[in-house]
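The values are calculated or read from the model by the stated rules, or taken from the named source; none is laboratory data. Only a predicted model underlies this, so the values are computations on that prediction, with no experimental measurement involved. Here the Cβ positions follow ideal geometry from the backbone for every residue, glycine too, while neighbour counts run over all protein chains shown.
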Amino acid sequence: MTKELYIKFLNNKCTTEELKEIVQWINSEASGEESKQWSFENWKSFCEDTIAGDDEKFRELFDKIQKRIDKKTKKERQPQSRKSVLMTWMTQAAAILFIPLFAFFLYIVSQKEFVPHEFTQLTVDTMEVISPVGSRTVLQLSDGTKVHLNYGSKLKYPQTFTGDTREVTLVGEGYFDVARNPEMPFVVKAGIINVKASGTAFNVLAYGDGDVIQITLVEGKVALEKKLQEGQHIGLGKMEPGQHVNYNVKTGSIKCTKGNVEKYTAWKEGKMIFDETPITEVAQQLKRKYNVDIEVQNDIKDYTYTVTFMDEPIMQILELMTIATPVSYKVLPRKKLPDGTFSKQEITIKRKDK
């Protein structure tokens with residue numbers, strides 16, 4: 001192994017024959033302390049600026065390595081030794097990945113203190129599902145739990161649950177039909193509130209742009225926890241079926257009611273049920289569903305609506321609102337942005353006599 005060939009490899013310019021020579025060297029000599037030190041010193045002088053303090057790049061690269069190995073292993077479905085898998089993969093990946101993988105490998109084996117800290121952060125395969133604005137998404141987790149995601153919602157979860165709990169993170173609104181497992185509680189992290197259950201059906205609303213986190217329990221039992229700044233949690237109590245809890249993030253106040261559960265869960269079937277709902281909340285739901293900006297004038301914010309909509313067009317809903325209450329609306333023209341796209345549709349709702 002010459003320094004010239006090593007530098008050529010770092011520049012990702014090796015031919016197939018040269019790659020075979022490098023792989024043969026890895027197989028026969030690279031594991032020796034002298035070879036590892038020689039390789040690391042040359043690599044360090046070649047790209048020292050890239051190495052220093054850039055742990056995030058190594059995380060991303062390690063993720064790529066894991067995905068490539070998993071993909072190849074599944075394709076071949078034949079038992080191979082760890083060394084054989086690594087050699088085969090190294091031959092193919094060198095011409096694919098932009099950052100030289102061999103350099104990364106040598107850095108890992110040469111800097112042993114790096115491995116325990118970084119590897120623990122990379123072992124959990126985190127998945128993320130985003131439900132686009134204007135659509136709903138349904139998914140099933142590895143434990144059998146079924147999740148409905150409302151418009152513009154995001155759910156992060158591990159591909160396989162491990163440890164003492166099944167934890168997911170929600171931004172937006174989700175309905176959870178949790179697979180029963182009392183020994184491994186299911187925890188939904190929604191802002192500063194944790195919702196803990198074992199086998200339960202419940203709804204959580206926790207959009208990032210709102211001041212209120214809402215939990216509605218359909219069946220079973222859930223316990224609510226509040227996350228403190230110190231990383232600890234305090235219990236807020238347990239819910240019974242039919243209860244709906246509003247937690248105000250700004251004030252810390254909690255309001256609990258019991259009654260029309262469907263009002264908070266009907267969105268799964270495309271319904272919007274309003275039961276003496278303030279116009280501001282109606283506007284908020286319309287904004288999320290139709291991806292528009294709605295401004296409600298201050299002097300009509302005490303208006304409420306009791307009505308059910310089933311996937312009607314937004315203009316039809318606005319017309320019905322003008323019939324039910326003395327309001328009018330104005331649709332402003334969309335603006336063309338510098339990048340060629342257009343701004344969101346803006347709608348203003350005001351008192352009709354203005």
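Here are some notes:
- Within the stretch 210-242, considering residues that are farther than 19 Å from residue 180 by Cα and charged (D, E, K, R), the one modelled with the highest pLDDT: 225
- Complete set of residues in the stretch 319-345 that are charged (D, E, K, R) and not in a loop (DSSP other than H, G, I, E, B): 319, 330, 336
- Restricting 247, 305, 329, 290 to residues that are more than 22 Å from residue 150 (Cα to Cα), of a type in the set (Phe, Trp, Tyr) and in contact (Cβ under 8 Å) with a residue 12 or more places away in the chain narrows the list to 329.
- Only listed residue being in a strand (DSSP E or B) and surrounded by fewer than 13 Cβ atoms within 10 Å (Cβ to Cβ), chosen from 277, 348, 306: 306
- Members of the stretch 1-17 that are β-branched (Val, Ile, Thr), modelled with pLDDT of 75 or more and closer than 23 Å to residue 34 by Cα: 2
- The residues listed here are 173, 183, 167; of these, the one that is of a type outside the set (S, T, N, Q) and either outside the structural domain of residue 139 (by TED's automatic domain parsing) or surrounded by fewer than 17 Cβ atoms within 10 Å (Cβ to Cβ) (or both) is 183.
- Residues (buried (at least 18 other Cβ atoms within 10 Å of the Cβ) and either charged (D, E, K, R) or touching a Pro at 6+ places or on another chain (Cβ under 7 Å) (or both)) located in the stretch 280-303: 287, 288, 289
- Filtered residue count, the stretch 139-152, keeping only those that are of a type in the set (Ser, Thr, Tyr) and touching a residue at least 24 places away in the same chain (Cβ under 8 Å): 2
- For the criterion of being closer than 25 Å to residue 138 by Cβ, in contact (Cβ under 8 Å) with a residue 24 or more places away in the chain and outside the structural domain of residue 212 (by TED's automatic domain parsing), residue 344 fails.
Conditions (1) part of a strand (DSSP E or B); (2) in the same structural domain as residue 285 (by TED's automatic domain parsing); (3) surrounded by fewer than 19 Cβ atoms within 10 Å (Cβ to Cβ); (4) free of Cβ contacts under 8 Å to residues at least 40 places away in the same chain, marked per residue:
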| position | (1), (2), (3), (4) |
| --- | --- |
| 194 | yes, no, no, yes |
| 210 | no, no, yes, no |
| 213 | yes, no, no, yes |
| 223 | yes, no, yes, yes |
| 226 | yes, no, yes, yes |
| 230 | no, no, yes, yes |
| 252 | no, no, yes, yes |
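- Filter pass, residue 294 being outside any helix (DSSP H, G or I) and within 28 Å of the chain's Cα centre (by Cα): yes
- Residues satisfying the stated conditions in the stretch 215-241, i.e. touching a Leu at 6+ places or on another chain (Cβ under 9 Å) and closer than 11 Å to residue 203 by Cα: 215, 216
- Of all residues in the stretch 232-243, those satisfying the criterion of being surrounded by 13 or more Cβ atoms within 10 Å (Cβ to Cβ) and either in contact with a helix residue (DSSP H, G or I) (Cβ under 6 Å, 6 or more places away or on another chain) or assigned to a loop (DSSP other than H, G, I, E, B) (or both) are 241, 242.
- Checking each residue in the stretch 261-274 for being assigned to a helix (DSSP H, G or I), hydrophobic (A, V, I, L, M, F, W, C) and surrounded by fewer than 19 Cβ atoms within 10 Å (Cβ to Cβ) picks out only 266.
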